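Below: the structure, in structure tokens.
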Amino acid sequence: MYKKNYKSWLKHIDFILIDIISMYLAYGAAYWIKFHNFTEEYDINVYRTIMVALLMINLLVSIAFSSFNGVLKRGHFREMLETVKHVLLVTGILMLFLFLTQREDGYYGYSRMVIFVMMGLYAFLGYTFRMLYKIVRRKHIRDNRSFLVVTTKANVEYVLEGLAKAANNGLKVSSLCIVDSNEEGTEIKGVKVVANKDNVAEYICREWIDEVFVTVPSEDKDGEAKKLIHDFIKMGVTVHLDLSSYAGFLGQSYAIENIGTFTAITTSINFVTPFKMFIKRLMDIVGGLIGSIFTILLTIILAPFILIKSPGPLFFKQERIGRNGKHFKMLKFRSMRMDAEKLKKELMAQNRVSDGMMFKLDWDPRIIGNRELPDGTRKTGIGEFIRKTSLDEFPQFFNVLKGDMSLVGTRPPTLDEWEKYKLHHRARLAVKPGITGMWQANGRSEITDFEEVVKLDTEYISNWSLRLDIKILFKTVVAVFLHKGAM
């Protein structure tokens, strides 16, 4: 029971935080209504004690009574009842606490009016904030979750009807793959068929797909569906398997959950709790803010040197591929000439990465200030300096704040690199790309085998933890200060 409630608490940490905010707003408003200021010295220590007690009691009630279990599926009336129940429990336990801790002479030391006014305001604000936040959450999930269904022609309508019952939880089927018929280009119940069994893996590899739901007949004698599932897992896509058709087929990490009217095994490279993702995003926001401040200071210092040597934009924007194939514009301080992309094609023969999956040169004439003298002597300039010290990467902290990137992740490929990716390469993009990562912190200058890069990135995703992120960040900072260019 405790384990179940504990997981529910982690899953709905955002709703708990919103509820705590509404509780303290109600408490502050009630205090103001009673005393008309916040400097009243009337047993102020008692009110401070109440503030701490409220936090502890709120967390206790949220966990013990599963206050937010299924919160996204509740209607207006049900949410009102659950809010009132939660507020009464919190207030009741608080009153019991205050009664048990009152002085021996029976003196309360606090105004009961504050508690009762807080209770009414708390119920109103708590309900209002919950409903508003649910609208935002549902819209965010609906707008950002790309969900592909793989099924047969005979079952497709039945499957869509079953999944439609999960719409209240933000799930929306974005596309279909029919494995036993070539229906590509048609629409079924308003959902477009985008692939068949022969090209679905290629489609997922090229398009932005977050999750795949697979439900096919259990008598799949040739094992074609299993082959597809292996490909999906290899690409790093989260896969949901309908238990009625494929019980027992598991990837590296798995869980059993309900999706609409179906019970499915969900399998992926790795599973992370919502709480850990919340902490990782919090780290990104804090790090992004600090990094952005340094970026502004660096802009003031570097701008004259860059623009004098190479007139043009100060920042370089390049389209990169992010998590699950999503495109975004990555920022850097411009360290190369304006015609760098054109020269790249001419220099491709000198690429140190033989398979062309990345582009690295021992000497790059495209970098601002790099030039070769008539006697063969090579000179470097501001561009080489900011690249060696990784200063050109600092504008990516703005990408981190926006949410396109993380402090730690995998290197986002360019469009031409992405086009060359094989299925197992795609696993690198099962997480947000990062400013630094496993292979960067382990000596990117020495690694020229792309398969080794993929191996390190896949290892990072499979073994991800907050501790690992902190370790990589530490190694990156050390490497930057030693001018090894780990970012």
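Residues to consider are GLU219, GLU207, GLU187; find the one that is at pLDDT 90 or above and of a type in the set (Asp, Glu).
From the options GLU219, GLU207, GLU187, the qualifying one is GLU187.
Within the range 394-406, identify whether any single residue is open to solvent by less than 10 Å² (accessible area, probe 1.4 Å), closer than 21 Å to LEU282 by Cβ and free of Cβ contacts under 8 Å to residues at least 40 places away in the same chain, and answer yes or no. No; the residues of the range 394-406 include none that is open to solvent by less than 10 Å² (accessible area, probe 1.4 Å), closer than 21 Å to LEU282 by Cβ and free of Cβ contacts under 8 Å to residues at least 40 places away in the same chain. Being of a type outside the set (Val, Ile, Thr), open to solvent by 10 Å² or more (accessible area, probe 1.4 Å) and in a strand (DSSP E or B): is that true of LEU456 here? Judged against the criteria, LEU456 is not a match. The criterion of being modelled with pLDDT of 85 or more, touching a Leu at 6+ places or on another chain (Cβ under 9 Å), over 21 Å from MET338 (Cα atoms) and assigned to a helix (DSSP H, G or I) does not hold for LEU407. Against the conditions (1) over 28 Å from the mean Cα position of the chain (by Cα); (2) closer than 24 Å to LEU473 by Cβ, MET277 satisfies every one except (1). Among the residues of the range 366-377, those that are surrounded by 11 or more Cβ atoms within 10 Å (Cβ to Cβ) and over 21 Å from ARG320 (Cα atoms) comprise ILE368, GLY369, ASN370, ARG371, GLU372. If the condition is being closer than 21 Å to TYR460 by Cβ, hydrophobic (A, V, I, L, M, F, W, C) and at pLDDT below 70, then the range 256-291 contributes ILE269, PHE271.
Just a yes or no: is a residue in the range 96-107 modelled with pLDDT under 90, within 28 Å of the chain's Cα centre (by Cα) and not hydroxyl-bearing (Ser, Thr, Tyr)? No.
The values are calculated or read from the model by the stated rules, or taken from the named source; none is laboratory data. Computed from a prediction, not measured in an experiment: that's the story for all the values here. In this analysis, Cβ positions are derived from the backbone assuming ideal geometry, glycine residues included, and neighbour counts consider all displayed protein chains. Each accessible area value is taken on the protein alone, full model and side chains, heavy atoms only, with ligands, DNA and RNA left out. Shrake-Rupley method; radii C 1.70, N 1.55, O 1.52, S 1.80 Å.
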